[in-house]
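Scroll down for the structure; my scribbles are underneath it.
The values are calculated or read from the model by the stated rules, or taken from the named source; none is laboratory data. Predicted, not measured: the structure shown is a model, and the values here were computed from it. In this analysis, Cβ positions are derived from the backbone assuming ideal geometry, glycine residues included, and neighbour counts consider all displayed protein chains. Keep in mind that these areas ignore ligands, DNA and RNA; they rest on the heavy atoms of the full protein, side chains included. Shrake-Rupley method; radii C 1.70, N 1.55, O 1.52, S 1.80 Å.
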Amino acid sequence: MASTEIMTVNMGPQHPSTHGVLRLVVELDGEVIQKITPHIGYLHRGVEKLSEHRTYHQTIPLTDRLDYLSPMNNNFGYVLAVEKLLGIEVPERAQTLRVILSELTRLKSHLVWLACHALDIGAMTVFIYAFREREMVMSLYEKISGARMTSSYFRVGGLATDVYDGFEKDVREIIDTFPGHFDTYEGLLTKNTIWLNRTVGNGVISYEDAVDYGITGPALRGSGVDWDLRRDNPYSGYEKYQFKVPVGEKCDTFDRYKVRLVEMREAVKIIRQALDSLKPGPVLADAPQVTYPPKESVYNTIEGLIHHFKIASEGFPVPEGEVYQSVEAPKGELGYYIVSDGGTKPYRMRIRPPSFVNLGAIEKMSKGSMIADLVAVIGTLDIVLGEIDR
């Protein structure tokens, strides 16, 4: 009678296909996966604890560094949570600009996912093309905030500054090119025999299991669950925009690929609608006890300088209470649970990162598959270790 021996293999934390310092302890019967144990915690971020020793404004740059591929979405969820505690109403222009920037960030994040996912499976051309398109959004980031990645552009009460003259024209020029690029990606991959062999039937997780594991975002919708916070629990005026929420049918890696491609097309539609509805007006709430004064006032009046200094150095008190606020980030539901004791710093902050929760399903999606298929499963989950090791 033939006997089998289980072999244990370490994949990561230095493996390029783990997309960060993720260590997977994989138990194999030959090349067939029997068990996977993820080991995390190599980054030592400590964002939640650091926020307890910083004012509410000073915490914003920490959120940039969670999912560093979508910093403005990270800012978005955090400032919405603080604004909910404060009861602040954000001006309409700021809300619309937040939507535009969040959807541009979704495009930027999905382009990195597509580039790396395709490269992991062997499609190098798509990697080069997707990074070329991402560069256009990165350049726009730099024009708006002065930074290409860690933008720190959102503020409690609105935005750091209004966008530059010519912003709308630049955004329209960029998004007008995207549908053609999406067609190119699909032409290279969607009917490619190698791509189909590596993705169809791979990483299957059913509707019920996806819900049980708490998966969110494209990974959840790829399993046929019709759920998107922008539509089902709208914020910042998302209820005004018309867009389709794509869902999969076969619950595999190929379905998740298709879902994200449709999401990119829908993001372009949302941006167009938001640009059409963008009106002149302030980008900061009328709440001088919370928001920074205009730079002109800071530079030219002693009152403005003192006002700026007090908010920057001391912060502002937030009413006692607790709040949870989530946004539909590119990777899924990104939530912030903040407890205030009435002081100028969060008493406690807990982050719900989608990558952390989605990673928990990796064994369910991979058990019984070949070890070569594990690379495709990691890619389809689209994880970032910055928010996993928050």
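Listed values, structure above:
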item	result
Selection count, segment 234-292, where residues are farther than 30 Å from ILE215 by Cβ and of a type in the set (Ser, Thr, Tyr)	3
Within segment 116-156, tally of residues that are over 30 Å from PRO282 (Cβ atoms), among the hydrophobic types (A, V, I, L, M, F, W, C) and in contact (Cβ under 8 Å) with a residue 40 or more places away in the chain	6
Failed item in (1) at pLDDT 90 or above; (2) open to solvent by 30 Å² or more (accessible area, probe 1.4 Å), with PRO294 passing the rest	(1)
Test result for LEU275, part of a helix (DSSP H, G or I), in contact (Cβ under 8 Å) with a residue 60 or more places away in the chain and either aromatic (Phe, Trp, Tyr) or open to solvent by less than 10 Å² (accessible area, probe 1.4 Å) (or both)	yes
Tally, over segment 323-351, of residues that are out of contact with any Phe, Trp or Tyr (no Cβ under 7 Å at 6 or more places or on another chain), under 30 Å from ASP212 (Cα atoms) and surrounded by fewer than 20 Cβ atoms within 10 Å (Cβ to Cβ)	2
Selection count where residues are within 16 Å of the chain's Cα centre (by Cα) and either in a strand (DSSP E or B) or acidic (Asp, Glu) (or both), scope segment 372-382	1
Test: ARG172 is of a type in the set (D, E, K, R) and surrounded by 16 or more Cβ atoms within 10 Å (Cβ to Cβ)	no
Filtered residue count, segment 139-194, keeping only those that are farther than 25 Å from THR63 by Cβ and part of a strand (DSSP E or B)	0
Members of segment 223-246 that are crowded, with 21+ Cβ neighbours inside 10 Å and either more than 19 Å from the chain's Cα centre (by Cα) or without any contact (Cβ under 8 Å) to a residue 40 or more places away in the chain (or both)	SER223
Close pairs (6 angstrom Cβ cut-off, 6 or more residues apart or separate chains): touching a residue at least 60 places away in the same chain (Cβ under 8 Å) in segment 96-110, open to solvent by less than 10 Å² (accessible area, probe 1.4 Å) and among the basic types (Lys, Arg) anywhere	HIS110/ARG260
Single unsatisfied condition, GLU208 versus (1) within 23 Å of VAL126 (Cα to Cα); (2) more than 23 Å from the chain's Cα centre (by Cα)	(1)
